[in-house]
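Attaching a single structure in structure tokens format; questions to follow.
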Amino acid sequence: MTDSTKAALEAELEAEKSSDVTANVEPRPSLLRRLATTPVWITLAFLLVLIVVFSVLAPGKFGTASNLSLLAQNVAILTVVSVGTTFVIATAGIDLSIPSGIILGEVFAAQVLGHIPVAGGGTAIDIAGENTTAFYILAALAASLFAGFLLGAVNGFVVAYMRIPPMLATLGTLGGGLGVGLLLQKGVNVATYALNPVATGHLIPGISNLVLIAVVVVVVGYVGMHMSVFGRHTLAVGSNEEAARRVGLRVRRHLLKVYIIGGVASGFGGFLSLAYFSTTSVGGHTTDNLQAITAVALGGTSLFGGVAVVLGTLIGVWIPAVLQNGFIIVGVNPYWQLIAVGVVLIIAVWIDQLRRRGQNRR
Amino acid sequence: MTSTDPSMNPGAPATGSRVAALEARSIVKSFGTVRALRGASFEAYPGEVTALVGDNGAGKSTLIKAMSGVYSPDAGEILVDGNAVRMSNPLDAAGLGIETVYQDLALAPDLDAAANVFLGRELRRLRFLTDQAEMRRQTAASFKMLGVGLVQDLRVPVASFSGGQRQSVAIARAAMWASHVIIMDEPTAALGVIQTGKVLELIDTVRARGLAVVFVSHNLPEVLQVADRIEVMRLGARVARFRRGEADVDRLIASISGAYANEVTA
Ligand SMILES: Nc1ncnc2c1ncn2[C@@H]1O[C@H](COP(=O)(O)OP(=O)(O)OP(=O)(O)O)[C@@H](O)[C@H]1O
Ligand SMILES: [Mg+2]
């Protein structure tokens with residue numbers, strides 16, 4: 001801003017301070033109106049209804065603290081991955097390579113553990129959970145994050161610099177990454193208990209570390225998306241790439257960073273998965289990408305980019321999990337969960353689009 | 001900021017000794033086989049409104065994008081205050097104090113007005129967080145100061161604004177940041193009578209601050225009303241220049257259509 005503008009502005013602000021300028025600037029829409037216009041509240045209400053219904057149908061089984069905390073543990077890894085995917089989808093991109101990221105995260109960690117010699121023979125991969133050290137855990141973590149970083153960097157490069165549509169770019173790295181994982185493991189999974197404390201320990205009494213980590217990731221994702229300049233730019237790129245370019249944002253570099261975030265989140269998911277399940281899982285995780293995309297879409301993040309709701313993603317992770325768990329507990333064939341999630345997904349996106357169409361006068 | 005000596009005559013074709021705030025010299029720009037600019041020249045002086053007129057497809061928007069760092073010219077020179085500059089992206093232009101309201105507005109529809117106004121120059125807290133409240137405050141204040149028709153709610157995405165309101169956001173953004181030259185590509189095209197009046201007032205305000213204003217419009221009476229100088233483009237090159245009072249609607253139409261020229265094209 002020029003000095004003269006600034007000076008004038010300041011004078012203006014000064015003059016308005018006592019009067020109603022803040023009231024003018026921020027007329028908080030009524031709670032009711034916000035509830036009605038934000039689809040997150042609809043999905044949140046739906047989730048709460050589900051929880052209430054299952055609690056009523058299976059008293060003493062579904063709504064118990066132990067069942068809910070088990071559920072929280074079960075969704076923790078998907079939560080971590082989905083927060084990363086939220087950033088990718090916010091740019092109007094997509095990341096199908098999540099299973100690769102998870103598996104490479106597991107495999108890189110396992111490989112590193114398998115190369116750290118332990119006093120008394122053998123390697124860190126064979127060590128028991130109670131004998132592990134912070135060094136082994138950090139080495140494995142670094143390996144997982146690096147795996148995710150590599151995958152994300154390749155995705156970002158192919159999307160942003162080679163201008164390959166994200167769907168195809170990440171379809172390519174999905175296959176490629178799975179291949180690398182299989183090659184590194186020679187097609188065989190390996191077990192390790194060295195990372196168990198990460199998943200099963202309780203840094204805060206009563207809360208499994210896995211859940212704690214997921215909560216931290218959600219908070220970081222929330223701040224990163226909704227409060228930071230980086231998040232603002234992510235949404236701008238997703239909303240109108242050309243507008244972002246015209247104001248001088250380095251769109252390609254930004255996209256690269258966003259895909260790296262997606263990759264690192266998957267790699268970290270792999271680390272957690274290895275810690276939780278005590279084994280690599282090459283050949284597994286095949287639908288994790290679709291589950292993550294489902295969660296993000298259920299949560300109100302627009303697949304067309306520009307609009308993202310990190311807390312919505314959290315809700316989107318929980319709805320399918322609650323349906324699955326609840327159906328099993330009340331004795332409904334859990335295959336119905338797949339159908340129910342499909343229906344809910346389509347309805348959620350439909351409501352969101354109706355709302356947007358009503359709002360956009362383009 | 002340079003102040004203007006009103007006794008000096010900036011007009012065309014003899015330009016006098018004043019230095020243009022922004023000048024294009026013999027710009028050539030092709031898109032594949034389409035030659036959008038064929039040696040286009042243009043000058044805008046500080047404290048003056050220079051209107052750029054021409055038929056659809058004459059190359060006005062392309063010339064503007066070449067002068068604001070969006071396109072790099074195939075040949076020719078851009079000068080700021082008489083010094084040749086290279087602008088390889090819009091950030092370079094912004095660094096020189098040149099701001100542009102593009103014909104296609106270039107707003108992020110999903111972001112609110114303040115986010116758009118401050119996009120790429122966010123006010124920060126703790127280095128990496130946005131200072132949302134302060135940006136909204138300054139946006140509201142500057143909208144008010146610039147007399148831009150105020151937008152109801154600064155929280156809603158600009159996608160929900162009317163065409164005129166979106167136009168206002170784009171204009172306010174440029175006016176807020178420009179310190180040397182402000183370029184507006186058909187800023188009144190989507191506006192009603194009252195809004196148009198406000199934009200023309202705003203142009204006066206910005207000119208009074210000593211900025212060079214470049215103004216593209218198809219509305220010739222409006223051009224004659226607001227412009228200190230008029231430059232006419234046809235088929236990718238300048239064909240005529242007029243000072244205030246030298247042109248009328250008929251003569252402008254004649255130059256736009258090729259029946260009249262007072263310029264030897266390169
Ligand atoms: N990105 C582009 N790719 C290809 N051709 C283009 C591009 N931009 C402009 N052109 C062509 O260049 C010529 C000049 O276009 P330009 O938009 O500069 O005209 P204009 O004078 O601004 O017209 P209008 O008054 O309709 O806005 C046209 O023939 C147009 O089709
Ligand atoms: Mg144009």
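The values are calculated or read from the model by the stated rules, or taken from the named source; none is laboratory data. Values in this document were obtained by computation on a predicted structure and should not be read as measured data. Heads up, the Cβs are rebuilt from the backbone with ideal geometry, glycines too, and the neighbour counts pull from every protein chain shown. When the accessible area is computed, the model is the full protein with side chains, heavy atoms only, and any ligands, DNA or RNA have been set aside. Shrake-Rupley method; radii C 1.70, N 1.55, O 1.52, S 1.80 Å.
Given (1) away from ligand 1 (no atom under 16 Å from the Cβ); (2) open to solvent by less than 10 Å² (accessible area, probe 1.4 Å); (3) in contact with an Asp or Glu (Cβ under 8 Å, 6 or more places away or on another chain), identify the lone condition not met by B:Ile183.
All conditions pass for B:Ile183, except number (1).
Residues in the stretch B:225-244 that are open to solvent by 50 Å² or more (accessible area, probe 1.4 Å) and touching a Gly at 6+ places or on another chain (Cβ under 9 Å): how many?
Result for the stretch B:225-244: 4.
Being of a type in the set (Gly, Ala, Ser), without any contact (Cβ under 8 Å) to a residue 12 or more places away in the chain, open to solvent by 10 Å² or more (accessible area, probe 1.4 Å) and at negative phi is true for just one of B:Ala247, B:Ala254, B:Ala261. Which residue is that? Even if it seems obvious, please write down each step before you answer.
On the way: B:Ala247 fails: without any contact (Cβ under 8 Å) to a residue 12 or more places away in the chain; B:Ala261 fails: without any contact (Cβ under 8 Å) to a residue 12 or more places away in the chain.
After ruling out the rest, the residue left standing is B:Ala254.
Is it true that some residue in the stretch A:287-302 is away from chain B (no Cβ under 14 Å) and either touching a Cys at 6+ places or on another chain (Cβ under 9 Å) or among the acidic types (Asp, Glu) (or both)? Break it down into steps so the answer makes sense when it comes.
Step one: of the stretch A:287-302, the residues away from chain B (no Cβ under 14 Å) are A:287-299.
Subset that is either touching a Cys at 6+ places or on another chain (Cβ under 9 Å) or among the acidic types (Asp, Glu) (or both): A:288.
Checking the stretch A:287-302: at least one residue is away from chain B (no Cβ under 14 Å) and either touching a Cys at 6+ places or on another chain (Cβ under 9 Å) or among the acidic types (Asp, Glu) (or both).
Listed here are the residues, each with its yes/no results for (1) modelled with pLDDT of 95 or more; (2) touching a Leu at 6+ places or on another chain (Cβ under 7 Å).
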site: B:Ala24; (1), (2): yes, yes
site: B:Tyr45; (1), (2): yes, no
site: B:Val53; (1), (2): yes, yes
site: B:Ser88; (1), (2): no, no
site: B:Ala94; (1), (2): no, no
site: B:Asp104; (1), (2): no, no
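Does at least one position in the stretch B:145-160 carry a residue that is at the interface with chain A (Cβ under 9 Å from one of its Cβ atoms), among the acidic types (Asp, Glu) and surrounded by fewer than 21 Cβ atoms within 10 Å (Cβ to Cβ)?
Yes, there is a match, as at least one residue in the stretch B:145-160 is at the interface with chain A (Cβ under 9 Å from one of its Cβ atoms), among the acidic types (Asp, Glu) and surrounded by fewer than 21 Cβ atoms within 10 Å (Cβ to Cβ).
Take B:Val53 and decide whether it is within 20 Å of B:Leu220 (Cβ to Cβ), away from ligand 2 (no atom under 14 Å from the Cβ) and either open to solvent by 40 Å² or more (accessible area, probe 1.4 Å) or of a type in the set (A, V, I, L, M, F, W, C) (or both). Steps first, please.
Numbers: within 20 Å of B:Leu220 (Cβ to Cβ): yes; away from ligand 2 (no atom under 14 Å from the Cβ): no; either open to solvent by 40 Å² or more (accessible area, probe 1.4 Å) or of a type in the set (A, V, I, L, M, F, W, C) (or both): yes.
Answer is no for this residue.
If you take the residues of the stretch B:99-142 that are part of a strand (DSSP E or B) and facing chain A (nearest Cβ under 7 Å), which of them is most open to solvent (accessible area, probe 1.4 Å)?
Of everything passing the filter in the stretch B:99-142, B:Arg124 is most open to solvent (accessible area, probe 1.4 Å).
Hey, among the residues in the stretch B:85-98 that are at the interface with chain A (Cβ under 8 Å from one of its Cβ atoms) and part of a helix (DSSP H, G or I), which one's most open to solvent (accessible area, probe 1.4 Å)?
B:Leu91
Closer than 30 Å to A:Val223 by Cβ, within 16 Å of ligand 1 (Cβ to nearest atom) and touching a residue at least 24 places away in the same chain (Cβ under 8 Å): is that true of B:Ala106 in this structure?
On the way: closer than 30 Å to A:Val223 by Cβ: yes; within 16 Å of ligand 1 (Cβ to nearest atom): yes; touching a residue at least 24 places away in the same chain (Cβ under 8 Å): yes.
The answer is yes for B:Ala106.
Which of the residues that make up the stretch B:192-227 are assigned to a loop (DSSP other than H, G, I, E, B) and within 16 Å of ligand 1 (Cβ to nearest atom)? Don't jump to the end; show me each part of the working.
Residues of the stretch B:192-227 that are assigned to a loop (DSSP other than H, G, I, E, B), as a first pass: B:192, B:209-211, B:217-219, B:227.
B:Ser217, B:His218, B:Asn219 - these are the residues of the stretch B:192-227 that are assigned to a loop (DSSP other than H, G, I, E, B) and within 16 Å of ligand 1 (Cβ to nearest atom).
Restricting attention to the stretch B:215-234, which residues are within 13 Å of the chain's Cα centre (by Cα) and within 16 Å of ligand 2 (Cβ to nearest atom)?
We begin by selecting, within the stretch B:215-234, every residue within 13 Å of the chain's Cα centre (by Cα); these are B:215-217, B:227.
Those that are within 13 Å of the chain's Cα centre (by Cα) and within 16 Å of ligand 2 (Cβ to nearest atom): B:Phe215, B:Val216, B:Ser217.
Just checking, which of A:Tyr259, A:Tyr222 is of a type in the set (Phe, Trp, Tyr) and within 14 Å of another protein chain (Cβ to nearest Cβ)? Write out each step before concluding.
Working: A:Tyr259 fails: within 14 Å of another protein chain (Cβ to nearest Cβ).
The conditions single out A:Tyr222.
Also, quick follow-up: Can you go through B:Ala178, B:Ala212, B:Ala237 and tell me which one is within 16 Å of ligand 2 (Cβ to nearest atom) and in contact with a Leu (Cβ under 9 Å, 6 or more places away or on another chain)?
On the way: B:Ala178 fails: within 16 Å of ligand 2 (Cβ to nearest atom); B:Ala212 fails: within 16 Å of ligand 2 (Cβ to nearest atom).
The unique qualifying residue is B:Ala237.
From B:Asp104, B:Asp74, grab the single residue that is more than 13 Å from ligand 2 (Cβ to nearest atom) and among the charged types (D, E, K, R).
Numbers: B:Asp104 fails: more than 13 Å from ligand 2 (Cβ to nearest atom).
One residue alone meets the criteria, B:Asp74.
Another question about this same structure. Please enumerate the residues belonging to the stretch A:177-202 that are assigned to a helix (DSSP H, G or I), free of Cβ contacts under 8 Å to residues at least 24 places away in the same chain and closer than 28 Å to A:Glu130 by Cα. First the steps, then the outcome.
Narrowing the stretch A:177-202 to residues assigned to a helix (DSSP H, G or I): A:177-184, A:196-200.
If we keep only those that are free of Cβ contacts under 8 Å to residues at least 24 places away in the same chain as well, we get A:179, A:183.
Those that are assigned to a helix (DSSP H, G or I), free of Cβ contacts under 8 Å to residues at least 24 places away in the same chain and closer than 28 Å to A:Glu130 by Cα: none in the stretch A:177-202.
May I ask you to say which residue of B:Gly47, B:Gly32, B:Gly39, B:Gly82 is surrounded by fewer than 16 Cβ atoms within 10 Å (Cβ to Cβ), in contact (Cβ under 8 Å) with a residue 40 or more places away in the chain and away from ligand 2 (no atom under 16 Å from the Cβ)?
Working: B:Gly47 fails: surrounded by fewer than 16 Cβ atoms within 10 Å (Cβ to Cβ); B:Gly32 fails: in contact (Cβ under 8 Å) with a residue 40 or more places away in the chain; B:Gly39 fails: surrounded by fewer than 16 Cβ atoms within 10 Å (Cβ to Cβ).
Checking each option against the conditions leaves just B:Gly82.
Hey, another quick one. Against the condition of a type in the set (A, V, I, L, M) and within 19 Å of A:Phe62 (Cβ to Cβ), how does A:Val344 come out, does it pass? Break it down into steps so the answer makes sense when it comes.
Values: of a type in the set (A, V, I, L, M): yes; within 19 Å of A:Phe62 (Cβ to Cβ): yes.
Considered against the rule, which asks whether it is of a type in the set (A, V, I, L, M) and within 19 Å of A:Phe62 (Cβ to Cβ), A:Val344 comes out as yes.
So which of B:Val216, B:Val264, B:Val239 ends up being at pLDDT below 90 and closer than 30 Å to B:Val28 by Cβ? It would help to see each step written out before you state the result.
Values: B:Val216 fails: at pLDDT below 90; B:Val239 fails: at pLDDT below 90.
On inspection, the qualifying residue turns out to be B:Val264.
Considering only the stretch B:144-153, I want to know if a residue exists there that is at pLDDT 85 or above, more than 16 Å from ligand 1 (Cβ to nearest atom) and under 24 Å from B:Ala94 (Cβ atoms).
No - not one qualifying residue is present in the stretch B:144-153.
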